[in-house]
Every structure is written in C-alpha cells, then in structure tokens.
Amino acid sequence: MDKTISSQEISITEKAVSQILKIKEENDIPDSHGLRVGVKGGGCSGMTYQMGFEGDISETDTVIDFEKIKLIVDGKSLFYLSGTILDFSDGLNGKGFVFNNPNAAKTCGCGESFSI
C-alpha cells in the first residue's frame, strides 16, 4: 500500500507526489509554482475536478505543503474536497490522477465528475 501524506483538509499519496514532481520536471515548471486543485460545475455527474500548476496565490486560497510540493485550493473547492485523497493510478483501468472523495454521493464511470 502506498504511503499517504495527510493534512487536515486533503491527503496525497507518495505515488501522486512522485508523478507531480515528474510532470513539473519534464515541463520545466518553476519550484515556486504549486498544484492548484479544484472543482467546477460540469461533467456528467454535475461537478468536475481540475488540476494545473500555478504561481498565483490569492488571499482566499488555502496552501497545503506536502514535503516537496504545495497544493493550492480555493475556498469553495476546499469545501467539496475536504477529506479527499489524491492518488495516481497506472493500472489496467487507465493512467491518471484519482480523487478519492468521501463527499461524493455519486461519480461517473470515468471518475472525473461527481455529485454531492
């Protein structure tokens, strides 16, 4: 089982951290940039997850430091992501980041959208 690094709000597996660091290195993303995670309306279940590297942090954002990376989450998204574990899967069902969200009442088949 992959080790999980936890904060009060969101947890992340070591596998996900490794993949994030790999992507940052391959794309020459500055160390000052964090990974913004969030949710927005859309998708087949009502809400979709978003991820992207960003250097801008607003005063309403929450920054969560995990050893070598930092997650940036806006207040609205943090409400929906509280308790979530961010993982990375490279198994038979596909390769990509996985949000294990205890707040999601239902998810779509692809795992990219959810409803509360």
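Let's test the formula: R0 of 30 Å, r as the Cβ-Cβ distance of Lys95 and Asp31. What FRET efficiency results, to the nearest 0.05?
On the way: r = 25 Å, r/R0 = 0.84.
For Lys95 and Asp31, the calculated efficiency is 0.75.
Using 0.36 nm times the number of residues separating Ser18 and Phe53, minus their current alpha carbon distance, what extension gain do you get? It would help to have the intermediate numbers written out before the result.
Numbers: separation 35, 0.36 × 35 = 12.60 nm, distance 1.49 nm.
Separation in residues times 0.36 nm, less the Cα-Cα distance, equals 11.1 nm.
Can you order the peptides 79-89, 22-32, 60-70 by their average number of other Cβ atoms within 10 Å per residue, highest first?
On the way: 79-89: 18.6, 22-32: 10.5, 60-70: 14.8.
Answer by packing, highest mean first, reads 79-89, 60-70, 22-32.
Any read-out appearing in this document is the output of simple, stated calculations on the displayed coordinates, not a laboratory observation. All figures in this text were calculated on a predicted structure; none of them were measured in a lab. Cβ atoms come from the backbone with ideal geometry, glycine included; neighbour counts cover every protein chain shown.
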